[in-house]
Amino acid sequence: MNGNMPVRRLALGTLLVSFEGTNGTGVPYWLLDLLGNGVAGVTIFGRNITPEDPVGNLAGLARGLRHGRPDLLIAIDEEGGDVTRLDAETGSMFLGQGSLGAIDDVDVTRRSSASLAARLATAGVNLNFAPVADVASNVDSPIVGSRSFSADPVRASRHTAAAVMGHLDSGVAPTAKHFPGHGSTADDSHLVVPVVRVDLPTLWSRELQPFQAAIAAGVPVVMTGHLLVPALDPDAPATLSPRIIDGLLRTELGFDGVVVTDGLDMHAISSTVGRPEGVVRALLAGVDLMCIGGDSVTPDVVEDIVSAVEEAVASGRLDVARLMQARDRVEALAARFSHDASVRGLSPEEPMLDMARSSLRLVGDPSMAETSTVVELRNEPSIVAGEVAFGMGRALVARSASTRVVHLQRGMPVPELGQGGLVVSVRDAHLHPWQVEAVASLRRDHPGLVVVDHSGSASAEVLGSRAIVAQDASAIAAVAAADVLLQGAAGSSGGISGGGQV
């Protein structure tokens, strides 16, 4: 590293920015200028994806971003299941972590992760913000839930390690998140600073186990959560805490890769210390790479952050050596996962349907000769996942175009549905009492209805005597569930492979 490099260029080298634009509109001029001046990379969101041929169009956008700079970091949140950017409009054709944990075959998890990562490599992505290493210890969490492999830290650990290795198999950098563990809190760091109220022995035996497994598996990136953990640091959230980053993650756990923040536009940071000060404090804590935009970033946002870093260095508050260390780590990551060096030996088209079938749990006999109506109970979209394209409608209409699909939200009256096979899609019903009431109302008029739970968390009251339980809201799980529903009907692609029945 050139010790005389301007602080501005060093600061830019620690930033992942976001932007408005697609392959069709091209890369904004201001972003091209920043790329030429050393910004570390970009984060891709759903707004950057063209629904028609998302992989091909993102690959075109990636080529424009990498013009003259093949080692640029292009990052994305592509977890499978509920969280997808590439397939936001149709749902992911990759199982989420809850489903993979339910199957509990680490070879399946590694293969699925490798195939997902191979698809990302084809699209030009070289850094994925997955897997989720949080343990789903709080069933009321609106953030973790089916994004976690398990509530069991041992199971979560082995599958986190397998997912890390699968990404590495395909030459894409995985990220273990959200350190030191988001699973025990029901608060959302997009809105507040969640408090993880667990003691040190619990942290070590539960929250930290999957991160230790990820580090042992060679994970190159760890993402911080904007979490206050009083047992570790009562004053600062993890992203801004030297005790948690330099002390726990670096020294005690021995992680020497890149530490990246969760989005600094989240209210836990942006509405408390603000993004510019958040970047300075994160650097002081030992973080290397700043994800500064879920919201669209403008040139003014970047300049405010760079100015804050320059001022911190000029005042002696931030040692330039720390800034150089962060930039060195980011450069090493970019060089290691340079897109030209990505391994693409695995096909991104590897069939996932058998995996999806084996993740389902059946209650009673949910099969039916035909479906007449699908009612999808839809919640307000969350900030983390956005609008999730879940439900049985698309999968069943593909088999029978005459299937009627009804979308219901809280407060909407239930229409007359007529006779025939009725399927009701629910998601996170345990967090939304209106869904419980809606299912009960529908069941009074249609006692033979089948419930499909797309989160693996519905109560026995909601499931009733005929149900299919999927562990996530992926499109592939819905396709597998449709096969189960219509396994005796013409046009079905077969019955369930594996799975359980109660």
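The values are calculated or read from the model by the stated rules, or taken from the named source; none is laboratory data. Note that the structure is predicted; figures quoted are calculated from it, not measured. Cβ coordinates were reconstructed from backbone atoms using ideal geometry, including for glycine residues, and neighbour counts include every protein chain displayed. Protein only, heavy atoms only, side chains kept; ligands, DNA and RNA dropped before computing areas. Shrake-Rupley method; radii C 1.70, N 1.55, O 1.52, S 1.80 Å.
Of the residues making up the stretch 2-21, none is over 24 Å from ASP300 (Cα atoms), at pLDDT 90 or above and assigned to a loop (DSSP other than H, G, I, E, B). Every listed requirement among (1) out of contact with any helix residue (DSSP H, G or I) (no Cβ under 9 Å at 6 or more places or on another chain); (2) in a helix (DSSP H, G or I) is met by ALA75 save one, (2).
Can you say whether PRO51 is more than 30 Å from MET93 (Cα to Cα) and exposed (fewer than 15 other Cβ atoms within 10 Å of the Cβ), as far as the supplied structure shows? Here the answer is no, as PRO51 does not meet what is asked. The condition (being among the aliphatic types (A, V, I, L, M), assigned to a loop (DSSP other than H, G, I, E, B), surrounded by fewer than 24 Cβ atoms within 10 Å (Cβ to Cβ) and modelled with pLDDT under 95) is satisfied by just one residue among ALA438, ALA473, ALA490, ALA458: ALA490. Put simply, of SER99, SER150, SER146, SER137 the only residue that is in contact with a Gly (Cβ under 8 Å, 6 or more places away or on another chain), assigned to a helix (DSSP H, G or I), among the hydroxyl-bearing types (Ser, Thr, Tyr) and open to solvent by 10 Å² or more (accessible area, probe 1.4 Å) is SER146.
If you filter the stretch 345-390 down to residues that are modelled with pLDDT of 90 or more and part of a loop (DSSP other than H, G, I, E, B), you find that the one that is farthest from LEU442 (Cα to Cα) is LEU360.
Filter the stretch 264-314 down to the residues that are within 20 Å of the chain's Cα centre (by Cα) and without any contact (Cβ under 8 Å) to a residue 40 or more places away in the chain and list them by number.
Scanning the stretch 264-314 gives LEU264, ASP265.
Quick check: anything in the stretch 108-119 in the same structural domain as ALA163 (by the TED database), in contact with a Phe, Trp or Tyr (Cβ under 9 Å, 6 or more places away or on another chain), open to solvent by 20 Å² or more (accessible area, probe 1.4 Å) and under 23 Å from VAL164 (Cα atoms)?
Yes, the stretch 108-119 contains a residue that is in the same structural domain as ALA163 (by the TED database), in contact with a Phe, Trp or Tyr (Cβ under 9 Å, 6 or more places away or on another chain), open to solvent by 20 Å² or more (accessible area, probe 1.4 Å) and under 23 Å from VAL164 (Cα atoms).
Being open to solvent by 10 Å² or more (accessible area, probe 1.4 Å), of a type in the set (A, V, I, L, M), at pLDDT 95 or above and in contact with a Phe, Trp or Tyr (Cβ under 8 Å, 6 or more places away or on another chain) is not true of LEU284.
Quick one: is GLY38 among the small types (Gly, Ala, Ser), in a loop (DSSP other than H, G, I, E, B) and crowded, with 21+ Cβ neighbours inside 10 Å?
no
ASP233 satisfies every condition listed in (1) surrounded by fewer than 24 Cβ atoms within 10 Å (Cβ to Cβ); (2) more than 27 Å from LEU208 (Cβ to Cβ) except (2). Checked against the criterion of being of a type outside the set (Val, Ile, Thr), part of a loop (DSSP other than H, G, I, E, B) and either out of contact with any Phe, Trp or Tyr (no Cβ under 6 Å at 6 or more places or on another chain) or open to solvent by 30 Å² or more (accessible area, probe 1.4 Å) (or both), the candidates HIS167, HIS182 yield just one match: HIS182.
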